[in-house]
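Each remark here refers to the structure printed beneath this line.
Rule-based calculations on the coordinates, nothing more; no lab input. Keep in mind it's a predicted model, so treat the numbers as computed, not measured. Cβ placement follows ideal geometry from the backbone for every residue including glycine, while neighbour counts extend to all protein chains displayed.
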Amino acid sequence: MSKFMNQKFDYVVVGGGSSGCVVASRLSERSQNKVLLLEAGEDFVPGTEPMEIRDTFAGTAHSNPRFTWTGQTVTWGPRPGNKPDKRKAVRYAQGRVIGGGSSVNGMISIRGVPWDYDGWVELGAKGWGWDDVLPYFKKQETDLDFDGPLHGSEGPMAVKRIEAERWPGFTKGFVDAVEQEGWDDLKDKNAVFEDGYFPIAVANKEGRRTSTATAYLTQEVRSRTNFDILGEVLVEKVLFNGTKSTGVRVHHKGKVFDICANEVIISSGALHSPALLLRSGIGPATELIDYGIEIVADRQGVGKHLMEHPGVNFGCYMKPDSRLPIDLRLPMYAGMRWSSELEGCPRGDMYMIPMNKSFWHSVGSRIGLMMLWVNKSYSTGEVRLNPADPMGVPSADFNMCSDERDLERLKIGTRLMAKICNNPALHNKLHNVFPISYSDRARRYAVYNTSNRFQTWVGGQIMDMSGWLRKKIIGNWISDGLTIKDLLEDDEILTSWIHNTVLGHYHASCSNRMGAPSDPGAVTDPSARVYGVEGLRVADASIMPAVPCANTNFPTIMIAEKVAATILVEN
């Protein structure tokens, strides 16, 4: 049936994404370790990836169902919603291809701030403070622009910044505006942790995406005799003898079989890792009983404490000379980290970034986004199995802005964003600025296909030719008729807009959080071992105790490096 049935592996890694590729690569560096990496999506040897994955404009692969989980939806706003129809589930692109999120994301490479990780220690993740994690941030990267004690120079992930003279007009206008508003140029956001603007570091080298698949699963790594990769495989559950894991049950091309392992490491992301634990009998006992799943370990925190960065956007219809030029594909070049100064919230708790292309299509190339999010959020949601199809995509409810601090800071941020957009340095680069309220029609056009390509090309031509038609299209399809003036003059309208349009940024995390043994909500210990069982760990964004002030890709790779190193030391 499969050559893998008759073998026993030292380690089976479930999920070949931002974390799993790293864990498998590092564990297989020790020749006596027999390692198998399982990936739900297609596996591509570096250099053979389709164009959509090589493309440094993330929206190309991100919008393609071939490389993301079909049917994966989430609910954003707070429970209960303002209106029943505002709580409907919307598409949430999650990488389903070798490299996972790092193969389809925006490649932004931010570590966060030191107090993120010192805060993890306070939440029970002993050994995960800033001084503990910095060596693993350095181990993963080769920073092509900066060196010194806070940077790596020999890691697999190439990191660089695009020169300011090449930035599109929209980005240049944003930087000029924030500078005029009094913010400083930090130059290196991964080493200077003050408030200010900075060039974005991206996982990119010579115009090509650096994913964990290309960086950690090179031809040399793949040729190791102790290492195998199996793609297009779904893992049904982890197998147990009592509370000791013995392997996994998988579905591969119409066949179902078991794979034996001394240890299983789940690296399937903040939505799919808790789902796999639940299918395996690890989770809240009452939920498992409802699902009809035999209880292996009653862990109340599985799927709970789900976190993201809640945000809202302004759309900016860019003048032709402010748009992304033909020789550039990256959509983001500079951003700003700043402090809300809301009582009880840490420094650097807010983030703003201009995105020079909102979608892959022709209308998207004309509409830039001013993206605002709460960098240090407090609202939490949950992940649950779909009762009708436990093997299918899980149900995720982020419950954003359920914590009043997140709502209030989005209000503060919206007012600042409006002020920056009104600054002549940026305003003169644009035709229209408007609050975005994504309609179902706009979401349908976001899907990558030939029909949408043609229709949005026609729409783009019309919007360029006629300012009146452009305003009609924006008002009916994108902004629901709201203006920025409406938001600033009426707090109830602003609150309603935030509740109804708040969204995340593909930074799902914390749904299997690390914690102390005495914490009933903790799922893993600080060595990533799942409480209540043996031979099972989780190593991905789901074990973060709290979402950091950063896009989560680089912190997730750091987690993988640190967990792999821990395993090698322990064994």
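Worth a mention:
- Normalised by the number of residues in the chain, the mean separation of alpha-carbon contacts (under 8 Å, six or more apart) gives a relative contact order of 22 percent.
- Region 110-258: radius of gyration over Cα atoms, expressed as a fraction of 2.2 N^0.38 Å: 1.45
- Scaled against 2.2 N^0.38 Å for its residue count N, the alpha carbon radius of gyration of region 6-114 is 1.34.
- Here the 3J(HN,Hα) profile of region 285-302, calculated from phi with Karplus coefficients 6.51, -1.76 and 1.60 at θ = phi - 60°, is 4, 5, 5, 4, 5, 4, 6, x, 9, 5, 7, 9, 8, 7, 10, 5, x, 5 Hz, Gly and Pro shown as x.
- Straight-line reach from residue 253: taking Cα to Cα under 17 Å and skipping same-chain neighbours fewer than 8 places apart, the aspartates and glutamates in range are 39, 42, 43, 232, 236.
- Centroid-to-centroid separation of region 324-349 and region 137-188 [C-alpha atoms, Å]: 12
- Sorting 167-177, 376-386, 299-309 by average packing, meaning the other beta carbons within 10 Å per residue, from highest down gives 299-309, 167-177, 376-386.
- Excluding same-chain neighbours fewer than eight residues apart, the lysines reachable from residue 187 by a Cα-Cα span under 16 Å are 160, 172.
- Once you reduce region 1-56 and region 303-322 to the center of their Cα atoms, the two points are 32 Å from each other.
- With the biggest extent put first, the Cα atoms of region 267-341 measure 61, 36, 20 Å across the principal axes.
- Positive dipole terminus of region 215-307, leading residue within 217, 300, 270 (C-beta point charges): 217
- Across 139/562; 88/237; 139/376, pairs whose alpha-carbon gap is larger than 19 Å: 88/237; 139/376
- Selection among 484, 352, 256 by position relative to the dipole of the chain gives 256 as farthest towards the positive end (Cβ unit charges, Cα centre).
- Peptides 116-129, 419-432, 542-555, 142-155 ordered by packing proxy, namely the average of other Cβ atoms within 10 Å per residue, highest first: 542-555, 116-129, 419-432, 142-155.
- Take the convex hull of the alpha carbons in region 104-198; its mean projected area over all directions comes to 7.8 nm².
- The long axis of helix 269-279 is offset from the longest Cα principal axis of the chain by roughly 40 degrees.
- Phi angles of region 121-133 translate, via the Karplus equation with coefficients 6.51, -1.76, 1.60 and θ = phi - 60°, into HN-Hα couplings of 4, 4, 8, x, 8, 4, x, 10, x, 4, 5, 7, 8 Hz per residue; Gly and Pro are given as x.
- Temperature 10 °C, viscosity 1.306 mPa s: under these conditions the Stokes-Einstein estimate for region 275-410, based on its Kirkwood radius over C-alpha pairs, is 89 µm² per second.
- Percent of alpha-carbon pairs separated by more than 16 Å within region 200-322: 75
- Under 18 Å of direct C-alpha separation, and excluding same-chain neighbours fewer than eight residues apart, residue 471 reaches these aspartates and glutamates: 480, 486.
- The angle separating the long axis of helix 450-465 from the principal Cα axis of greatest extent in the chain is about 20 degrees.
- Charge sum, other residues only, whose C-beta stays under 12 Å from residue 247's C-beta, Lys/Arg counted +1 and Asp/Glu -1: 0
- Packing-based ranking, highest mean first, of 93-103, 320-330, 14-24, 522-532 given that Cβ atoms within 10 Å are counted: 14-24, 93-103, 522-532, 320-330
- Rounded to the nearest 500, the helix-only mean residue ellipticity at 222 nm of the chain stands at -8000 deg cm²/dmol, with each DSSP H run of n ≥ 4 adding -39,500 (n - 2.57).
- Degrees separating the helix 169-180 axis from the principal Cα axis of the chain, which is the longest one: 80
- Beta bridges per DSSP, both residues in the chain: antiparallel share near 65 percent.
- Once the gyration tensor of the Cα atoms in the chain is diagonalised, the equivalent ellipsoid follows with semi-axes of 38, 25, 24 Å, ordered largest first.
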